[in-house]
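Let me begin by presenting the structure, written as structure tokens, before commenting on it.
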Amino acid sequence: MTVAHAPFATTEWWRTAVIYQVYPRSFADFGGDGIGDLRGITSRLGHLAALGVDAVWLSPFYRSPQRDAGYDVADYRDVDPLFGTLDDADALIARAHELGLRVLVDLVPNHTSSEHAWFKAALAADPGSPERGRYLFRDGRGSGGELPPNNWTSVFGGPAWTRVPGGQWYLHLFDSSQPDLDWSNPEVRAEIEDVLRFWLRRGVDGFRIDVAHGLVKEAGLPDWHGTVTMVDGSDAGAPEDGQSPAFGSGPMFDQDGVHDIYRSWRRVLDEFDADGEHRSRALVAEAWVEPLSRLARYVRDDEMQQAFNFSFLTARWDAAAYRAVITESLEALDAVGAPATWVLSNHDVVRHPSRFGLPEPGVRPNGIFATDPQPDEALGLQRARAATLLMLALPGSAYVYQGEELGLPEHTTLPDEVREDPSYFRTEHLEAGRDGCRVPIPWEAAKPGFGFSPTGKTWLPQPAAWAAYAADAQDGVKGSTLELYRAALRLRREHGFGGAGIEWVEGLGADVVAFRSFTEAGSVVVVANLGSEPVRLPEGSLLLTSSDEAQEGTLPGNTTAWLAV
Ligand code: TEU
């Protein structure tokens with residue numbers, strides 16, 4: 001079976017781009033306070049150019065009290081002093097462009113911080129006022145309004161409503177410091193469109209849209225008996241009917257009204273595209289929505305360019321699961337003319353080497369405690385490398401989360417007293433939360449803090465064993481994960497991967513995912529062995545690269561090879 005994409009116009013760089021996610025707190029610290037900053041990022045952009053990625057996406061660096069690591073924005077048009085200044089942002093964008101890297105910034109439109117001027121004004125104003133009308137304030141239930149307006153819970157745990165002095169309640173799908181905006185209010189829409197223009201004028205190439213499926217809520221905010229959770233990525237939408245839960249169901253997610261918003265943003269981006277024909281600026285949806293045919297609605301021709309493929313991220317380590325999610329992704333995205341995307345890790349999930357090293361490989365707990373069963377680090381890394389080589393050969397665009405090019409595992413033994421993620425606190429410590437994937441990056445093995453900051457300070461402690469993962473310990477070392485990524489990205493570019501389709505290769509066994517990936521130069525056969533037993537490679541094949549050493553003619557378990565056949 002062939003799953004084909006039409007050849008794409010090359011000016012639409014986002015159709016085949018490899019996009020590297022920088023999490024500013026933890027990438028590189030220039031100032032020495034132990035928290036990463038914009039000048040630190042700029043100083044390390046050479047690493048990304050040498051790696052061979054096409055673009056960087058920066059998680060939020062805006063003014064924020066940092067109650068959710070910057071996803072609680074107090075001023076969308078300024079840089080938090082923790083990270084630097086607007087001049088530093090301009091310098092970062094300019095340097096990235098000099099190096100040929102596009103820059104995407106994160107937009108958080110579902111909610112502001114409770115420190116945002118609008119929310120402070122709303123608290124100071126009366127019920128029914130225009131100030132309150134920018135958020136979702138409601139009267140409570142019960143005789144004295146002492147019960148929340150509905151039964152929704154926060155994604156981070158606990159109720160989704162907080163009561164304010166005077167008696168009304170406000171909705172927050174996340175932390176109580178992140179009040180949800182009311183997107184039926186034209187003032188909200190105008191303001192965020194202006195924020196888009198503010199950053200487009202500064203030269204950014206696009207935006208990653210936080211919680212893109214959440215902006216519009218079902219009218220009347222009806223009760224709902226599912227739960228939203230970060231535990232395993234599912235919303236447990238309909239537990240009683242025996243159906244497997246889908247992400248993004250429920251009255252707070254994936255309402256039809258969100259698409260009007262993205263159509264109007266598309267028009268804003270088009271104002272900045274000089275030739276008017278090829279779209280060089282991109283919108284990327286962070287939408288935990290299933291099935292993929294629903295997700296594809298976010299990337300219709302007049303909406304966004306890309307949506308993260310969380311169905312791929314959450315697939316278990318199982319060949320049938322991978323074949324199914326790849327087929328479904330290509331079909332669903334091709335139906336709307338959008339590129340598929342592929343992602344294995346980000347700042348919200350346990351890093352994939354650790355997920356693949358769990359007894360049930362690929363499950364997605366919300367963090368791992370020191371007292372939990374620990375992942376098998378070596379096996380997990382071997383599978384992670386195999387998954388990466390599989391991902392980078394698929395048609396479309398791929399995401400790399402900072403540190404995965406070093407093979408970094410999750411920090412699974414963080415002391416509880418250093419945790420900062422609100423989901424750890426709001427679940428009353430039931431879930432470890434996301435700090436373990438946010439630990440500062442090890443750059444130089446011999447330096448304090450592994451070279452993350454000039455003082456050796458790091459806002460979260462790094463495991464001592466990370467010396468072996470440091471970038472300088474892997475640089476130029478044959479077989480290192482860093483060199484594997486560099487080689488794969490170089491070959492991807494040389495062969496012109498990403499723009500065409502695939503054809504499944506059958507007959508290599510139930511544990512194998514094998515396909516011919518069509519490239520500008522011809523085609524490459526990709527064989528991923530997800531089982532533990534070696535498999536025979538097709539006759540006469542020439543090894544281009546592999547995720548672990550492959551002997552002549554056979555491919556060991558948990559290994560992927562790219563072959564010229
Ligand atoms: O995460 C969004 C998020 O957690 C949800 O999409 C959720 O997992 C899903 O709806 C459950 O079904 C983004 C950011 O990536 C994260 O870091 C922030 O904490 C969060 O939004 C709030 O801004």
Some residue of the range 465-484 being at negative phi and in contact with a strand residue (DSSP E or B) (Cβ under 6 Å, 6 or more places away or on another chain): no
Looking only at the range 80-119, and only at residues there that are of a type in the set (Phe, Trp, Tyr) and more than 22 Å from the chain's Cα centre (by Cα), the one that is surrounded by the most Cβ atoms within 10 Å (Cβ to Cβ): PHE119
Qualifying residues in the range 408-443 (those that are under 17 Å from the mean Cα position of the chain (by Cα) and small (Gly, Ala, Ser)) - the one farthest from SER547 (Cα to Cα): GLY433
Extreme residue, farthest from the chain's Cα centre (by Cα), among residues of the range 281-304 that are in a loop (DSSP other than H, G, I, E, B) and within 13 Å of the ligand (Cβ to nearest atom): GLU290
Flag for PHE156 being within 16 Å of the ligand (Cβ to nearest atom) and touching a strand residue (DSSP E or B) at 6+ places or on another chain (Cβ under 8 Å): no
Selection status of ARG297, in contact with a helix residue (DSSP H, G or I) (Cβ under 9 Å, 6 or more places away or on another chain), more than 30 Å from PRO415 (Cβ to Cβ) and among the basic types (Lys, Arg): yes
Residues (touching a strand residue (DSSP E or B) at 6+ places or on another chain (Cβ under 9 Å) and either in a loop (DSSP other than H, G, I, E, B) or within 11 Å of the ligand (Cβ to nearest atom) (or both)) located in the range 83-113: PHE83, THR85, LEU101, ASP106, LEU107, VAL108, PRO109, ASN110, HIS111, THR112, SER113
Matching option when the condition is among the charged types (D, E, K, R) and closer than 30 Å to ASP435 by Cα, among ASP175, ASP126, ASP139: ASP175
Whichever residue in the range 120-147 is under 32 Å from the mean Cα position of the chain (by Cα) and not basic (Lys, Arg) and, among such residues, is farthest from the ligand (Cβ to nearest atom): GLY133
In the range 163-194, residue nearest to the ligand (Cβ to nearest atom) [restricted to those that are among the polar types (S, T, N, Q) and buried (at least 18 other Cβ atoms within 10 Å of the Cβ)]: GLN178
Some residue of the range 327-348 being charged (D, E, K, R), in contact (Cβ under 8 Å) with a residue 12 or more places away in the chain and in contact with a Cys (Cβ under 9 Å, 6 or more places away or on another chain): yes
Odd one out for TRP459 among (1) under 27 Å from PRO415 (Cα atoms); (2) more than 26 Å from the chain's Cα centre (by Cα): (2)
Index of the failed condition, ARG197 passing every other in (1) closer than 30 Å to ALA96 by Cα; (2) buried (at least 21 other Cβ atoms within 10 Å of the Cβ): (2)
Whichever residue in the range 509-522 is at pLDDT 95 or above and not small (Gly, Ala, Ser) and, among such residues, is farthest from LEU544 (Cα to Cα): ASP511
Residue ranges of helices (runs of 4 or more DSSP H) in the range 397-510 with at least 3 members within 16 Å of the ligand (Cβ to nearest atom): 422-426
Answer residue from the range 58-68, given it is surrounded by 21 or more Cβ atoms within 10 Å (Cβ to Cβ) and in a loop (DSSP other than H, G, I, E, B) and is farthest from the ligand (Cβ to nearest atom) among those: PHE61
Residues (aromatic (Phe, Trp, Tyr), within 21 Å of LYS120 (Cα to Cα) and out of contact with any helix residue (DSSP H, G or I) (no Cβ under 8 Å at 6 or more places or on another chain)) located in the range 134-169: TRP161, TRP169
Counted residues, the range 312-345 - those being within 16 Å of the ligand (Cβ to nearest atom) and crowded, with 22+ Cβ neighbours inside 10 Å: 5
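The values are calculated or read from the model by the stated rules, or taken from the named source; none is laboratory data. As the structure is a prediction and not an experimental result, all values here were calculated from the model. When we count neighbours, we look across all protein chains shown, and the Cβ atoms used for this are built from the backbone with ideal geometry, even at glycine.
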